[in-house]
Every structure is written in C-alpha cells, then in structure tokens.
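Please read the structure below before turning to the comments.
The numbers here are math on the coordinates, done by the rules we state, and not lab data. In this text, all values refer to a predicted model and were calculated from it rather than measured experimentally. All Cβ positions, even for glycine, are placed from backbone atoms using ideal geometry, and neighbour counts span all protein chains on display.
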Amino acid sequence: MVNILARCNLSKLTFAGLLMLLSGCTGMPTTIEPVSPFEVQRYLGTWYEIARLDHSFERGLSDVSAVYSLNDDGSIKVSNRGFDTDEQKWQQADGRAVFVDDDNKGHLKVSFFGPFYSSYVVFFLEPDYSVALVSGFNSDYLWLLAREPELDKIQISRYVAIAAEAGFETDKLIYPEQSRYQ
C-alpha cells in the first residue's frame, strides 16, 4: 500500500479520501444516534485527535488535528493534518462536509473527492463542545477528539467507556502523540 501511495505521490490523508470514494456510505452504526441539537457554529475550529481506531490512511501519523470552518456556500471546510513519522513530514487533506438530513443533528457526510461522501457522525459531545466522539458509517471508524491536544487518563477512560457501550472495539484504540502541539 505504501508503495502505491509513493508511486502515485499521494499522502496518507489523501488516501483517506480515496477510501471514502470507494465506500461512499452515509449510514451509521445502529448502536449510535447523532447528537441533537447540534450547533455547527460551536463545533467549528480546531479539534485534536486523542484516540482512533487504526486505518491505513492514518497509520504512522501523529499530531493529528482537524480544522473546521464555513465555506461561502454554507458547507463546512475540513482540513485534516498529521505528522507522518516515517516520512518525517506533515500531511494534509482538505475536504468538504454537509449535513445529511438536518443541520440540527450531528450527522454529516464528508468528501475529499466529491461527489463521493462518507459519514461523519458526532454521537457524543460535551455540552461545552470540548470533547466529541465521532463515528464513520460503521463501527470500524471511531475518533475521540478534543479541543486540547491532551486529556487526562480519567477523562479518556470515561469517553472510551461511552464508545465501548456503543459497541466499538475500544481495546484496539490507538493514542497518537500530540507532542508537536505542546
């Protein structure tokens, strides 16, 4: 896979978009519900990846973050960034997200290669919008995101328990370093 990426001059984060292109699914696991009410203005800004389930498009990346901002057309600009520890350089992928049904629900679809989209489901959100649990179209995709690059172990345990209760394989979570944001 890495050889293919190198030959095609694709970053790992760009490859994420290719995977979404192939999957094109905007469903969600049956064990979760999107957060409602959801206030997109409060969700905008920078989020740091505290934990994730492993996927080839993020393998080897540390210091992963996402920045969400509004586009002129009302869609959401998505800028994912991570440090490739093998290549020793930053990777970035930019995409676009829109609400699936209702802009009052945390169920969006994101594309890095429109018109093909994949689910982005915010199924847990702290009332102050400081921590979020996000799923893809099935339970193979899980991210624990926070406004700060680190959370204490007690906080992490609480969020991992919520994800486990929702059916995610939390024993397989990866906790990427966030040392470049310190």
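Grouping the Cα pair distances of the chain into 5 Å bins from zero gives a pair-distance distribution of 1, 8, 17, 22, 22, 17, 8, 3, 0 percent in increasing distance order. The Cβ shell under 15 Å around His107 holds other residues with a net charge of -3, Lys and Arg each +1, Asp and Glu each -1. In this rough spin-label picture, where each label sits 7 Å from Cα along the Cβ direction, the Arg158-Glu33 distance is 2.1 nm. What lysines does Lys153 reach when the alpha-carbon gap must be under 17 Å and sequence neighbours fewer than 8 apart in one chain are set aside? Of all the lysines, those that pass the test against Lys153 - Cα under 17 Å, at least 8 places apart if same chain - are Lys172.
Neighbour counting of Cβ atoms within 10 Å sorts the residues Ser79, Ser119, fewest neighbours leading, into Ser79, Ser119.
Net charge dipole, segment 2-181: roughly 400 debye, given to the nearest 20, about the Cα centre with Cβ charges of +1 for Lys and Arg and -1 for Asp and Glu. The smallest convex shape that holds all Cα atoms of segment 103-159, its convex hull, gives 107 Å³ per residue.
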